[in-house]
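Peer 1: Mind having a look at this structure? Questions to follow.
Coordinate-derived values only; no laboratory data. Every value quoted in this text rests on a predicted model; they were computed, and no experiment measured them. Here the Cβ positions follow ideal geometry from the backbone for every residue, glycine too, while neighbour counts run over all protein chains shown.
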Amino acid sequence: MAPMTRTFPLNDSVDIPAVGFGTYLVSNEDAPKAVQVAIECGYRHIDTASGYRNEAAVGEGIRAALESTGLSRHDIFVTTKLWPGNPAWGDAPRTHEQTLAECAASLERLGLDHVDLYLIHAPSGGAQRLNQWRALIHLQAAGKARSIGVSNFNQSHLDEIGNAGLQVPDANQIELHPWSQKPELLAYMADNGIAPIAYSSLVPLSTWRTEAGQASAKTEQMKADSGVFTAMAARYGVTEAQFLLRWGVQNGYAVLPKSLKPERMKQNLDLEGFAIDEADMEVLRGMDRGQGVAWASGDPSVTE
Ligand SMILES: NC(=O)c1ccc[n+]([C@@H]2O[C@H](COP(=O)([O-])OP(=O)(O)OC[C@H]3O[C@@H](n4cnc5c(N)ncnc54)[C@H](OP(=O)(O)O)[C@@H]3O)[C@@H](O)[C@H]2O)c1
């Protein structure tokens, strides 16, 4: 086994590492060390968001890692996300001007002059959704984001951008794992040159978000068929986490595993040296259970 260093193209001048380090639910206390250790382990992409309320601590970790490894800012791909607001939660959608200000605030917290990818976290901005996207186009032109995209957008949200005659997103970050495969959305994205970035790849693990308050909504059917991944992973001599992450990368999705445990961080990056064969990929294609289990799958302002 060896660390995965491959990348996927996002636009004419930007490639995204196939494996990135996720920071959702990583506290301000844990983030500096976790991000530093992740980069020291070999991660070259860090995914955060204004909504995770840990950007300053993530930025601290990036700076510490650049110092300890001798890497430069250009070696690290950094993603952060606009919190777009959500009227259903009494949170007014951000306007064009507010989106520009939110990006400036994220950069300030991160201690960076640009990010490599800036995403609209969800399509919950309602009537402001297109204005938010126009602001991201502006931010890219201004050099604040090398690539721009969206997250949790379905086909109708992506169509809205296309129908307005605007530049299409470079990427759509969505929940993707064998239980939530979204084949129609992915086909549409492929047709329109929108790269998929997978989040929550490790949902099928029994160890996925087990701490209090992080409860998942796995169905009984999901729980019943989780043994399939365990058995397949054992045949390849890898852990179930490696198997699920390899499934994503083999399908062409950048993945974003999160762990606070250094040995798991290393394991989650060690995805070279085995490949899932076509017969198993076919079995896995049959395991799609539709919508995912993460927050966006149950939010009407996102799934509308
Ligand atoms: N755009 C969005 O709306 C959105 C939504 C969700 C997530 N994301 C992004 O995607 C990232 C990943 O998604 P996620 O945080 O939901 O979950 P994930 O990375 O799929 O899974 C993390 C969970 O799995 C455990 N784990 C990690 N590696 C493991 C291993 N090798 N063996 C056993 N258990 C392991 C972790 O526990 P330990 O920490 O204890 O190891 C944690 O409970 C996020 O951090 C975030 O950056 C984006």
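Peer 1: Between Glu97 and Gln250, what FRET efficiency follows from the Cβ-Cβ distance if R0 is 45 Å, with the result rounded to 0.05?
Peer 2: Once rounded, the FRET efficiency stands at 0.60.
Peer 1: Okay, next question. Taking each pair of distinct Cα atoms in the chain once, what is the resulting Kirkwood hydrodynamic radius in Å?
Peer 2: The Cα-based Kirkwood calculation yields 19.5 Å.
Peer 1: Kindly flag which residue pairs out of Lys33/Lys266; Lys144/Lys266; Lys218/Lys258 have an alpha-carbon separation exceeding 23 Å in this structure.
Peer 2: Exceeds cut-off: Lys144/Lys266.
Peer 1: Still on this structure: Quick check: from the Cα gyration tensor, does segment 97-167 come out rounded (a/c under 1.5), prolate or oblate?
Peer 2: The shape class here is prolate.
Peer 1: What is the order of Lys261, Lys81, Lys218, fewest Cβ neighbours within 10 Å to most?
Peer 2: Final ranking by Cβ density, sparse to dense: Lys261, Lys218, Lys81.
Peer 1: Name the aspartates and glutamates eligible as straight-distance cross-link partners of Lys261: C-alpha to C-alpha under 18 Å, and not fewer than 8 places from it in the same chain.
Peer 2: Of all the aspartates and glutamates, those that pass the test against Lys261 - Cα under 18 Å, at least 8 places apart if same chain - are Glu29, Asp30, Glu40, Asp47, Glu211, Glu240, Asp270.
Peer 1: Can you list the GluC sites (Glu not before Pro) in segment 5-75 that are in a DSSP coil and have 14 or fewer other beta carbons within 10 angstrom?
Peer 2: In loop regions of segment 5-75 (DSSP not H, G, I, E or B), the sparsely surrounded GluC sites (Glu not before Pro) are Glu29.
Peer 1: Can you give me the span-like helices of the chain, meaning DSSP H runs with 20 Å or more of Cα extent along the axis and Kyte-Doolittle mean at or above -0.5?
Peer 2: 55-69, 96-110
Peer 1: May I ask you to sort Val168, Val78 by Cβ crowding, counting other Cβ atoms within 10 Å and putting the fewest first?
Peer 2: Val168, Val78
Peer 1: Something else: Taking 7 Å along the Cα-to-C-beta vector as the label spot, tell me the Leu25-Ala127 distance in nanometres, rounded to one decimal.
Peer 2: Once both label points are built, they end up 3.7 nm from each other.
Peer 1: Restricting to Cα pairs below 8 Å that are 6+ residues apart, what does the relative contact order work out to for the chain? Please round to a whole percent.
Peer 2: After rounding, I find 21 percent.
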